[in-house]
Amino acid sequence: MLAIRLMQDQGIAVEAVNFKTLFSCCQETAGRAAQDLGVRITVLGAEDDYLELVKSPRFGYGKGANPCVDCRIYMFQRAYRFMEQVGADFIVSGEVIGQRPMSQKRRDLETISHHSALDDLLLRPLSARLLPPTLPEREGWVDRERLFDFCGRSRKGLIALARKFHFNNIPSPSTGCALTEPQFARKVTDLIQLDPAAGMWDYDLLKLGRHFRLNGDTKVVVGRQKSENDQLEYLHDLPQASSTAVLTPLNFQGPLSLVVGPATPAALDFSGGLVLRYSKFTTDQQPSVMVRTRHQHFPIKPTITPRVSQARTLAASS
Ligand code: SF4
């Protein structure tokens, strides 16, 4: 928001671009910000190739499973294409040197400019005075003297500037990206290690339910509430689904579980046991669980009720 406002202050017309990945949110916040600033905003979605950089980032991960440098290179490559489509002259971003440990160290900013091929067409107005002059500054399209030298993690100066511009909605510093969350990152790392060929469906599934791994081939996902049960069932019914069976309680109230991997008797027993584990039923009931695979339905009576600690829990509390 500040980067855009600084350009507007110099009479430069701006179009905003917001990136949407499988793991990030904030389109609403970005839309509101664009409205406040009076600029047109275009949301660019990450494509299938984005998953490849999540699985194997050239510049490594942050504290979670966040490949921030690669991700930002990807975003700026897309922005470069967009810049050419709309006939813009250069790109500005709100990056501040040293503000985020993974992608905004001075060296990272250089890496991102270079590998996105934008080089000195990428201007960071908030830290510009600490960086070499870019083409827009050298050509005089932008007055470098009216740019800033913010550096480090403190948001104090940025907030003061936002107040000076009378911004009503100052967003929180959260990235809004699930890849940075430790619980979610565990599930991503598990998937990368055990199923390197996993696709969009498998990564989408990480956002739902409790995940338990039975073995290297098989995991079970249990819904935490009705809406998740419905979403899990919807995902199971998609043609690209990797799940092989869906299990629902027959004679008691409880969650739905999904088997991802071979639907062996052991996997079904484990999955049914987890349905019991998260259900309420009286002890004189003999609980039955209905199994629905791609081609058949049949009931089972799970023989085990795994303790959560016995199953390898990937993110029980997320
Ligand atoms: S926090 Fe997420 S969306 Fe943001 S740069 Fe890092 S990986 Fe990309």
Top mean-square fluctuation among 73, 91, 12, Gaussian network model of the chain, C-alpha springs under 10 Å?
-> 12
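Quick one: work out the % antiparallel among DSSP beta bridges in the chain, nearest 5. Spell out each step's value before the answer.
Values: 25 of 33 bridges.
Here the antiparallel bridges make up roughly 75 percent for the chain.
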Based on the alpha carbon coordinates of the stretch 82-134, what radius of gyration and maximum Cα-Cα distance (Dmax) apply, in Å?
-> 11.1, 33
Alpha-carbon spread of the stretch 181-313, three principal axes, descending order, Å | 43, 33, 27
Given the C-alpha centroids of the stretch 149-194 and the stretch 1-35, what is the distance between them in whole angstrom?
-> 15 Å
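State, to one decimal in nm², a quarter of the convex hull surface area for the C-alpha atoms of the stretch 122-248, i.e. the direction-averaged projected area.
Working: hull surface 52.1 nm².
That works out to 13.0 nm².
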In bins 20 Å wide, starting from 0, what share of all Cα pairs of the chain does each bin hold, as a percent?
-> 28, 43, 24, 4, 0
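Just tell me, in residue order, which DSSP H segments of the chain are both 20 angstrom or longer along the helix axis (alpha-carbon based) and at least -1.0 in mean Kyte-Doolittle hydropathy.
Working: long enough: 68-86 (26 Å, -0.05).
Going by DSSP H runs, the hits are 68-86.
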Relative contact order of the stretch 181-313, defined on C-alpha pairs under 8 angstrom at six or more residues apart (%) = 21 percent
Enumerate lysine pairs in the chain that are 8 or more residues apart or on different chains, then count those whose Cα atoms are under 20 Å apart.
-> 18
Return one whole number: the accessible area per residue of the chain in Å², for a 1.4 Å probe.
-> 51 Å²
Residue 289: net charge of surrounding residues, Cβ under 13 Å, Lys/Arg +1, Asp/Glu -1, itself excluded?
-> +2
Using a 1.4 angstrom probe on heavy atoms only, work out the carbon and sulfur share of the accessible area of the chain in %.
-> 51 percent
Return the Rg/Rh value of the stretch 1-101, two decimal places, where both radii are evaluated on C-alpha atoms and Rh is the Kirkwood radius.
-> 0.97
Counting sequence-distant residues (5 or more places) and residues on other chains, those with an amide H built under 5 Å from that of residue 42 are 16, 17, 18
Out of 143, 70, 284, any idea which swings most in a Gaussian network model of the chain, alpha carbons joined below 10 Å?
-> 284
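Any chance you could list the semi-axes, whole Å, largest first, of the equivalent ellipsoid that the Cα gyration tensor gives for the stretch 2-177, using √(5λ)?
Its equivalent ellipsoid spans semi-axes of 23, 18, 18 Å.
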So which residue, out of 296, 231, 99, gets the largest mean-square fluctuation from a GNM of the chain using Cα contacts under 10 Å as springs?
-> 296
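The values are calculated or read from the model by the stated rules, or taken from the named source; none is laboratory data. Being a predicted model, the structure only gives us computed values, none of them experimental. Please note: Cβ atoms are built from the backbone with ideal geometry, for glycine as well, and neighbour counts cover all protein chains shown. These accessible areas exclude ligands, DNA and RNA; they are computed on the full protein's heavy atoms, side chains included. Shrake-Rupley method; radii C 1.70, N 1.55, O 1.52, S 1.80 Å.
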